[in-house]
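Taking it in order: structure first as structure tokens, then the write-up.
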Ligand SMILES: Nc1ncnc2c1ncn2[C@@H]1O[C@H](COP(=O)(O)OP(=O)(O)OP(=O)(O)O)[C@@H](O)[C@H]1O
Ligand SMILES: [Mg+2]
């Protein structure tokens, strides 16, 4: 079964104004549960726009988006926030971590907005996921005192802690050297073995080649 089904997705920024940008044009995309997919394309081609729509961070101008068989294209902001919290984990290029805080607090954050884990389960879950990304023993370290690769592992742990079905990553390795990049990809692909669906935006063909499928986008069209 497809976990994601996009049909004829269009996205216009500043619609009807002089500065209108037609960022996505008729995107059709099916993604199966447990698949890994790379999205490639030059700067400005629409990759982040597509990822934002997939992640329910933004809405398409037109078209249909089915996520887990629910039509999400026209839901309101609070409904989208709920779907996002339950279904999707995000890993961004700039990590988006609170640098002055500990690894433990950063990873715990999404659980404050969720009721999947309660009471004592919260601590166990946070410690378990920190272990899964290879950072056991670093729980009380401040994020700002860690290397780029370690910080990216923290970001992945935070994206996974709520046990989402889908992980979306925008250039997750672009700030890292090639060895560290390989390690981070290994962490992401290990997730896929746990039946997660992984979608990665990348400029790096070596990263893309590790995924099951590659989709190329040019001027808002899948080619
Ligand atoms: N919030 C916005 N308002 C107006 N135009 C935008 C907005 N965000 C993106 N765009 C435009 O939409 C087009 C696609 O942008 P997008 O950010 O999706 O590209 P990208 O493929 O992610 O590029 P990069 O590789 O540089 O991150 C570009 O022309 C961009 O200028
Ligand atoms: Mg982008």
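The values are calculated or read from the model by the stated rules, or taken from the named source; none is laboratory data. Just so it is clear, the structure is predicted and the values come from calculations on it, not from any experiment. Glycine also receives a Cβ, built like all others from the backbone with ideal geometry; neighbour counts cover every protein chain displayed.
A few points about this structure:
- The set of residues in the stretch 191-208 that are farther than 11 Å from residue 39 by Cα and loosely packed, with under 14 Cβ neighbours inside 10 Å comprises 193, 194, 195, 206.
- Evaluating residue 101 against the criteria (1) without any contact (Cβ under 8 Å) to a residue 60 or more places away in the chain; (2) within 23 Å of residue 171 (Cα to Cα) leaves one unmet condition, (2).
- In the set (1) surrounded by 14 or more Cβ atoms within 10 Å (Cβ to Cβ); (2) in contact with a helix residue (DSSP H, G or I) (Cβ under 6 Å, 6 or more places away or on another chain), residue 116 fails one condition alone, (2).
- When the residues of the stretch 27-48 are filtered to those that are in a strand (DSSP E or B) and in contact with a helix residue (DSSP H, G or I) (Cβ under 9 Å, 6 or more places away or on another chain), the one that is nearest to ligand 2 (Cβ to nearest atom) is 39.
- Filtered residues of the stretch 29-49 (kept if within 12 Å of residue 216 (Cα to Cα) and more than 6 Å from ligand 1 (Cβ to nearest atom)): 29, 37, 38, 39, 40, 42
- Check on residue 217, surrounded by 15 or more Cβ atoms within 10 Å (Cβ to Cβ) and more than 11 Å from the chain's Cα centre (by Cα): yes
- Qualifying residue in the stretch 171-184 (condition: at pLDDT 85 or above and touching a strand residue (DSSP E or B) at 6+ places or on another chain (Cβ under 8 Å)): yes
- When residues in the stretch 1-21 are screened for being loosely packed, with under 15 Cβ neighbours inside 10 Å and closer than 15 Å to residue 64 by Cβ, 2 of them pass.
- Scan of the stretch 168-190 for residues that are buried (at least 17 other Cβ atoms within 10 Å of the Cβ), over 11 Å from the mean Cα position of the chain (by Cα) and within 16 Å of ligand 1 (Cβ to nearest atom), ordered by number: 173
- Of the set (1) within 13 Å of the chain's Cα centre (by Cα); (2) surrounded by 20 or more Cβ atoms within 10 Å (Cβ to Cβ), all apply to residue 126 but (1).
- Boolean, residue 222 is within 15 Å of ligand 1 (Cβ to nearest atom), more than 16 Å from residue 93 (Cα to Cα) and surrounded by 16 or more Cβ atoms within 10 Å (Cβ to Cβ): yes
- All conditions in (1) out of contact with any helix residue (DSSP H, G or I) (no Cβ under 7 Å at 6 or more places or on another chain); (2) farther than 24 Å from residue 148 by Cβ; (3) away from ligand 2 (no atom under 16 Å from the Cβ); (4) assigned to a helix (DSSP H, G or I) hold for residue 105, with the sole exception of (2).
- Taking the conditions (1) farther than 20 Å from residue 223 by Cβ; (2) surrounded by 13 or more Cβ atoms within 10 Å (Cβ to Cβ); (3) more than 16 Å from ligand 2 (Cβ to nearest atom) in turn, residue 74 satisfies each one other than (2).
- Index of the failed condition, residue 67 passing every other in (1) within 16 Å of ligand 1 (Cβ to nearest atom); (2) touching a helix residue (DSSP H, G or I) at 6+ places or on another chain (Cβ under 9 Å): (1)
- Exactly one residue among 24, 51 is within 15 Å of ligand 2 (Cβ to nearest atom), under 20 Å from the mean Cα position of the chain (by Cα), buried (at least 20 other Cβ atoms within 10 Å of the Cβ) and within 29 Å of residue 112 (Cβ to Cβ), and that residue is 51.
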